1. Looking only at the range A:74-107, count every residue that is part of a helix (DSSP H, G or I) and either among the small types (Gly, Ala, Ser) or outside the structural domain of residue A:196 (by TED's automatic domain parsing) (or both) and tell me the total.
2. Can you find even one residue in the range B:42-64 that is at negative phi and more than 13 Å from chain A (Cβ to nearest Cβ)?
3. Sort through B:34, B:64 and tell me the only one that's within 14 Å of DNA strand C (Cβ to nearest atom) and farther than 22 Å from residue A:4 by Cβ.
4. Among the residues of the range B:67-76 satisfying the criterion of being under 15 Å from the mean Cα position of the chain (by Cα) and more than 10 Å from every other protein chain (Cβ to nearest Cβ), which is most open to solvent (accessible area, probe 1.4 Å)?
5. Among the listed residues B:157, B:187, B:169, B:146, which satisfies the condition of being within 23 Å of residue B:82 (Cβ to Cβ) and away from chain A (no Cβ under 14 Å)?
2 protein chains.
Amino acid sequence: MTLAEKAYDALRHDIIRGAFAPESPLRLADLSERYGMGFSPLREALNRLQAERLVTAESLRGFRVAPLSLDELHDAIALRIQIESEALRSAIRLGDDAWAAGIVSALYALTLQAGRTGAQADIWALEARHHAFHRALLVACNSPWTLEFFERLYAATERYRIPVLLAATRPAGRDVQAEHKALAEATLDRDAGKAVVVLREHYLRTAEDIERAIPAQDGDALPAKAAV
Amino acid sequence: MTLAEKAYDALRHDIIRGAFAPESPLRLADLSERYGMGFSPLREALNRLQAERLVTAESLRGFRVAPLSLDELHDAIALRIQIESEALRSAIRLGDDAWAAGIVSALYALTLQAGRTGAQADIWALEARHHAFHRALLVACNSPWTLEFFERLYAATERYRIPVLLAATRPAGRDVQAEHKALAEATLDRDAGKAVVVLREHYLRTAEDIERAIPAQDGDALPAKAAV
DNA sequence: ATTCCAAAAACTTTCGAAAATCCTTCTTGC
DNA sequence: GCAAGAAGGATTTTCGAAAGTTTTTGGAAT
């Protein structure tokens, strides 16, 4: 693995998980020290992340962490519902036993991790299981472009969900794992109509949780998060 | 504008328009000579294009032009129909007078350019008008992510359409400009149902034209095009 | 003739410094 | 006191070379 790839993985990871405040400048000297490499691989990684809309760039003025806004959250969630609903229908139509087994396995791993508490609770492991589960549902849709856009929108929306995960307070009146279980069951039953309804509800509730976790703001931009 | 941005624009332009054969290696020494700059800005541009799936990269083995395949074409067209249909409905619901005027203007410019023949015919100008027209239809959808994906899929599919444009033989039994006119009219009439039907037919016929223009192949990969 | 291995060549990747630009601060003139 | 502008510092961008890896070539052994 080249340094540029390591830089890409590390930066993407750190941006999604809120290690840098939205809109804060990503200075090469700082990044060079943080990640222990020269400017070249860092700039290559930043250019990739710019194309993914996780960082913004301005000519001769460097790179910044992409901003967060409620408008963008709603846009991304709405598009996820639209794209993933179709993808889920396709996956249900096309998926084979290996796909189904992948869902069972991913749900099991997710549930297991979600059940861990105290010293064993690991929010980043939980996040990885969550990503893997949602991906497993769609992976049989036979559309590389759909999966590409799923990954892009997942990353975009995950930035908003991290504060909710960090708060670690179970949202009142919501059992997220039950929703995941219901989603997996409807999918494995090949009940596309029910699955997409459950999927939509799942995402809309997540959006609500995120909005609830955000302190009221005058404008649209969301507050910066301290480094994690 | 920085050299890296110029490199990005030039490379993207040249890849979409078939100046390099699909899967051909993009060697830095060659690109450095072609575009008259050093390695650094070229590598940054290539990294951005990699994130956009217009080039592929392999560790320590450099960059290549992304391959073309009928599977990918069908995937991209199907997703364009899905995403743009929804976007068109939103635009019809939300669009104001400026949006409508933009469609009229873009259609006029497209029709004008399509009518030019002989020395005045300019396939790249026509392509630019075509892109602008399809974008103008959707621009009022109020979804930045949708527009982002539109651009990505437009670029991806345009690579397949270029050979058809270059052939410059009017496909038998098809009046593309009439389709554009019908699409604009249904949209300006705010007849969403009709507009999305026309849009779907328009794209499916384009896919057919592309397939017809392609010589039969054993495998899935499409033939390389000579440099333009 | 073929396979294996070493050396050379080609190429990518990374660094460190130079060049160019932007931002801040301080001075000057009014 | 305040605006305009120049000097200095900080930062980004680009280059050229060095380092590292892959591919090709050439030769020896089977």
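The values are calculated or read from the model by the stated rules, or taken from the named source; none is laboratory data. It should be emphasised that the depicted structure is a prediction, and the values quoted were computed from it without experimental measurement. In this analysis, Cβ positions are derived from the backbone assuming ideal geometry, glycine residues included, and neighbour counts consider all displayed protein chains. Accessible surface areas use protein heavy atoms only, side chains included; no ligands, DNA or RNA. Shrake-Rupley method; radii C 1.70, N 1.55, O 1.52, S 1.80 Å.
1. Number of matching residues: 12.
2. Looking for residues that are at negative phi and more than 13 Å from chain A (Cβ to nearest Cβ), one finds at least one in the range B:42-64, hence yes.
3. Going through B:34, B:64 in turn, just one is within 14 Å of DNA strand C (Cβ to nearest atom) and farther than 22 Å from residue A:4 by Cβ: B:34.
4. In this case the residue turns out to be B:68.
5. One residue alone meets the criteria, B:187.
Conditions tested, residue by residue: (1) free of Cβ contacts under 8 Å to residues at least 40 places away in the same chain; (2) surrounded by 15 or more Cβ atoms within 10 Å (Cβ to Cβ).
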position: B:87; (1), (2): no, yes
position: B:102; (1), (2): yes, yes
position: B:106; (1), (2): yes, yes
position: B:123; (1), (2): no, no
position: B:136; (1), (2): yes, yes
position: B:139; (1), (2): no, yes
position: B:142; (1), (2): no, yes
position: B:161; (1), (2): no, yes
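Quick grid of which residues meet (1) in contact with a strand residue (DSSP E or B) (Cβ under 6 Å, 6 or more places away or on another chain); (2) more than 9 Å from DNA strand D (Cβ to nearest atom); (3) open to solvent by 20 Å² or more (accessible area, probe 1.4 Å):
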site: B:1; (1), (2), (3): no, no, yes
site: B:33; (1), (2), (3): no, yes, yes
site: B:39; (1), (2), (3): no, no, yes
site: B:44; (1), (2), (3): no, no, no
